[in-house]
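Novice: Pasting a structure here, questions to come.
Any read-out appearing in this document is the output of simple, stated calculations on the displayed coordinates, not a laboratory observation. This one's a predicted model, so the numbers in the text were calculated from it and none came from an experiment. Quick reminder, even Gly has a Cβ in these numbers, built from the backbone with ideal geometry, and neighbours come from all protein chains shown.
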Amino acid sequence: MSDLKAMKVLLKAGAAMAVMTAAVPALAQDTQLETIVIEGQGSPSAVAPVRGYVAKTSSAGSKGNTPLSEIPQSVSVIGQQEFQDRGITNKVDELLRYTPGVVAQPYGSDPDTDWYFIRGFNATQTGVYFDDLNLFSYGFGGFQIDPFMLERVDVLKGPASVLYGGANAGGIVNMIRKRPTDDPLYLTETGINSNGNAFFGFDFSDEVREDGTMSYRLTGKIAGGDNYSDYSEDLRGFVMPQLTIAPDDATSLTLWGYAGALDQVHSSNGFLPYVGTVVDAPFGRIDREAFFGEPDLDTGRYDQQMIGFEFDHTFDNGWNVTSNFRYGHLDKYETGPYPYLYVNTTNPADPGYYALNRIGFEGDTSADTVAWDNRVENRFDLGGAEHAVRAGIDYRYYRLDNVQNSLFGASSISPTNPVYGLPQPNLNPLYDQELKMNQLGLYAQDQIRFGGGWIVTLNGRYDFVHTQMDDRLAANEDYDSSQGAWSGRAGLAYEFDNGVTPYVSAATFFNPLVGMGLQGPLVPEEGEQFEAGVKFEPGFLDASFTAAVFHINKQNNVVSVAVAPWQDQLGEVRSQGVELEGKVNLNDNWRMLGSFTYADVEVTENAPNPALVGNTPYIVPDVTASLWLDYAFTNETLNGLSIGAGLRYKGESFADEANTLKVPDATLVDAAIRYQKNDWTASLNVANLFDKDYVESCGGVGACGYGEARTVTFKLSKTW
């Protein structure tokens, strides 16, 4: 038996063991078991504010309030202190610029989409979670979350199928919303950036009843103005009311709702040709500020709403029951031409010589999503070991109604002197389809402590998935498909008294997809990860350090082909590398964080084009690194003043599948200064301090994105 087959057998055995151990306590109800304190009591909550830069717990790796040292995978947590110190006011993907293993904003600051690649794999659609519930998207049917809604963001590296069902192979981004507080909170903030985009936000929370059994939180924001590109502007906002009812210490119910909207003239500098951005064209380089749409035609807008509840109750016998539900609806519309390569690059006498070709586009999308997770958990001693058992059932539903019209070569425009207002031709139907996905999962976890420091983590899960598509343009594209699969995880760690915890883990994953390939409906991605590392939380310092090595194999990888439906599923990709991260609250003055990533991503199978085997997929750099230092003055003269500075480095990446074109590396500097006096705080943040003109990455020779230019943001906050 091969090592890989042996590992799969081991994981399936681990999955079965986890399911069986979940049932043991129920069978032993008549036996007097020693009840241990419920997980989370006596330790910081996984949804609570992070103290400084150093988080102690996360739910991303366990679906519960678990110390980071006990999770057998690497987890990064970005809390409010980092939000404030780095001046994050606009998009969630800005938060992850300093996170190891993550490539954020690969096309620059795309205003209506948050882009993430984790451990080499695109997590933008299948790796985004909101309050531990999947926020799946497909095509243009994706929700966007404002960072002002959030308390923290947890990033789990590596597969998460054993916890959440279908999930991105490289990891997930789990956004945790703000929640009603026990103490009164009244915050307002207003600001503006150097592009002329201003914002106003409010965040209020207090008790509704004096006995503390009911509290509320009301958070909202409105923002708008000019963006960096010429003619680009937007108006956006949201409101999020919440109510928590807690009749006693053992029971709580939180009801919440959300409504958000965006209306914009979309910037268009994120998908430009390699020649003219990374390297010179005959005319030189394309201006970062240039706009290549049609100002009077370009429109991008969405309306999105969510409602949900969280219920939590702990019984007298120690069992805890949790139910977490969310429904969301999205309407999104976009229209306008966008550039793609050049009309002619060979004949200087041609009027289209190095004129930008434009694709006419119109998209009308609506999406509905349901996510519901129900679980039970407890801790108890059994068989000479301490067991932390968690088991549950979850369900998710996604429906997308997708209408797109397009025309390649609809018009052209000068890259150096764009002229607008020319009539645009009628577009041709591209897609008119409805896609649905239903997924039901059963899962269990048993985390076993024994021998004075050993920790064994066993996870098992089985998923039932049903996908279907109704294609209103081509009936032969309709499909109705059902799949099911096991996924598992086995982890082993040893927790030393000095705070050092080495660990190893292995996991399999299963990620269902929607859409068609040449062979028919896309089948789920599958694969496995092996990870080893060490976590260190020293007792003499408020700090957290993590080092991890990983190896991921992903089968059924979707690859591009030259004929409709333009994709097939005969590929395999291997990702392996090293990640280092440190976060330190040194004292009342100093806070610091640092990270390093080495990624070796390789195509190991590509049946349509075997020549690509051995190549590296585009976008993902080989090396990234970052460092941020923040200093708060506490002497009498400068008390209230704080300053910060950061370095971000991204290494070279490839711009094409053939690996013949490279995007150069870049080093960026960020800076911040803040002053707090009584209830007022003024802050000034500068991203890309020296205004470096660079390309973030290329998703092919026609999809290169400029990195964000120097952006200065001023914010004034007051607590009432």
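Novice: In what order do Glu289, Glu528 fall by count of nearby beta-carbon atoms within 10 Å, going from fewest to most? Let's see the in-between values first.
Specialist: Numbers: Glu289 16, Glu528 21.
So the ranking, lowest neighbour count to highest, is Glu289, Glu528.
Novice: Under the √(5λ) rule applied to the eigenvalues of the Cα gyration tensor, what semi-axes describe the equivalent ellipsoid of the stretch 613-720? Give them in Å, descending.
Specialist: Working: eigenvalues 306, 37, 21 Å².
So the three semi-axes of the stretch 613-720 are 39, 14, 10 Å.
Novice: Of Thr634, Pro664, Gly644, which is farthest on the positive side of the dipole of the stretch 593-667, counting Cα position, with +1 on Lys and Arg Cβ, -1 on Asp and Glu Cβ, and the Cα centre as origin?
Specialist: Towards the positive end, the residue furthest out is Thr634.
Novice: Helix 3-27: angle to the longest alpha-carbon principal axis of the chain, degrees 0 to 90, nearest 10?
Specialist: On a 0 to 90 degree scale, this one is about 50.
Novice: Right, another one. With a/c under 1.5 counting as rounded, go ahead and sort the stretch 100-140 into rounded, prolate or oblate using the C-alpha gyration tensor (a ≥ b ≥ c being the square roots of the eigenvalues; past the cut-off, prolate if a/b is larger than b/c, else oblate).
Specialist: Numbers: a/c = 1.79, a/b = 1.18, b/c = 1.52.
Oblate is the answer for the stretch 100-140, as a/c is 1.5 or above yet b/c matches or exceeds a/b.
Novice: Related question: How large is ³J(HN,Hα) for each residue in the stretch 648-658, as worked out from phi by the Karplus curve 6.51 cos²θ - 1.76 cosθ + 1.60 (θ = phi - 60°), to whole Hz, x for Gly and Pro?
Specialist: 10, 10, 10, x, 5, 9, 8, 9, 9, 5, 6
Novice: About the Cα centre, and with charges only on the beta carbon of Lys, Arg (+1) and Asp, Glu (-1), how big is the dipole of the chain? Nearest 20 debye, please. Show your work: numbers first, answer last.
Specialist: On the way: 49 positive and 92 negative charges, 183 e Å.
In debye, rounded to 20, the chain gives about 880.
Novice: Hand me the chymotrypsin sites (Phe, Trp or Tyr not before Pro) from the stretch 420-500 located in a DSSP loop with no more than 12 other Cβ atoms within 10 Å, in residue order please.
Specialist: On the way: sites: Tyr420, Tyr431, Tyr443, Phe450, Trp454, Tyr462, Phe464, Tyr479, Trp486, Tyr494, Phe496; in loops: Tyr420, Phe496.
Passing both the DSSP loop test and the Cβ count: Phe496.
Novice: Output wanted: per-residue J couplings in Hz (rounded whole) for the stretch 490-497, from phi through Karplus 6.51 cos²θ - 1.76 cosθ + 1.60, θ = phi - 60°, x for Gly and Pro.
Specialist: Running phi through 6.51 cos²θ - 1.76 cosθ + 1.60 with θ = phi - 60° gives 10, x, 9, 9, 10, 9, 7, 5 Hz.
Novice: Can I ask one more? Skipping prolines and chain starts, which residues have an amide H placed within reach, meaning under 5 Å, of the one on Asp656, given they are 5 or more residues away or on another chain?
Specialist: Leu661
Novice: Put one equal scatterer on each alpha carbon of the stretch 440-556, apply the Debye formula with no solvent term, and list log10 I(q)/I(0) at q = 0.12 1/Å to two decimals.
Specialist: -0.62
Novice: Provide the per-residue ³J(HN,Hα) series for the stretch 365-379, in order, calculated from phi with Karplus coefficients 6.51, -1.76, 1.60 and θ = phi - 60°, each as a whole number of Hz, with x at glycine and proline positions.
Specialist: 10, 10, 9, 10, 9, 10, 9, 8, 10, 10, 8, 10, 7, 6, 10
Novice: Roughly how big is the stretch 667-717's charge dipole about its Cα centre, with Cβ charges of +1 (Lys, Arg) and -1 (Asp, Glu), in debye to the nearest 20?
Specialist: Working: 5 positive and 6 negative charges, 49 e Å.
My answer is approximately 240 debye.
Novice: Counting pairs of alpha carbon atoms under 8 Å apart in space and at least six apart in sequence, what relative contact order in percent does the stretch 62-175 give?
Specialist: 28
Novice: I've got another one for you. Compare the Cα positions of Gly421, Gly441, Val370 along the charge dipole of the chain (+1 at Cβ of Lys, Arg; -1 at Cβ of Asp, Glu; about the Cα centre) and return the one farthest towards the positive end.
Specialist: Result: Gly441.
Novice: Starting from the Kirkwood radius over alpha-carbon pairs of the stretch 399-486, derive D by Stokes-Einstein at 25 °C in a medium of 0.890 mPa s and give it in µm² s⁻¹. If you can, show how the numbers build up before the last one.
Specialist: Values: Rh = 18.5 Å.
Estimated diffusion coefficient is 133 µm²/s.
Novice: Charges on Cβ only, +1 for Lys and Arg, -1 for Asp and Glu, centred on the Cα centroid of the stretch 77-195; of Ala169, Ile78, Pro111, which one is farthest towards the dipole's positive end?
Specialist: Ala169
Novice: Do the sum for the chain: with -39,500 (n - 2.57) for every DSSP H run of n ≥ 4, divided by all residues, what is the mean residue ellipticity at 222 nm, to the nearest 500 deg cm²/dmol?
Specialist: Values: 3 runs with 35 residues, N = 720.
Using -39500 (n - 2.57) per qualifying helix, the result is -1500 deg cm²/dmol.
Novice: Please compute the Kirkwood hydrodynamic radius over the stretch 317-358, one decimal place, Å, based on all pairs of different Cα atoms.
Specialist: Value: 15.7 Å, from the Cα pair sum.
Novice: What is the mean projected area of the alpha carbon convex hull for the chain, to one decimal in square nanometres? Before the final figure, lay out each step's value.
Specialist: Working: hull surface 126.6 nm².
Projected area, direction-averaged: 31.7 nm².
Novice: Moving on to the next point. Compute from the Cα atoms of the stretch 401-443 the Rg and the Dmax, the latter being the longest Cα-Cα distance, and quote both in angstrom.
Specialist: Rg then Dmax for the stretch 401-443, in Å: 19.1, 58.
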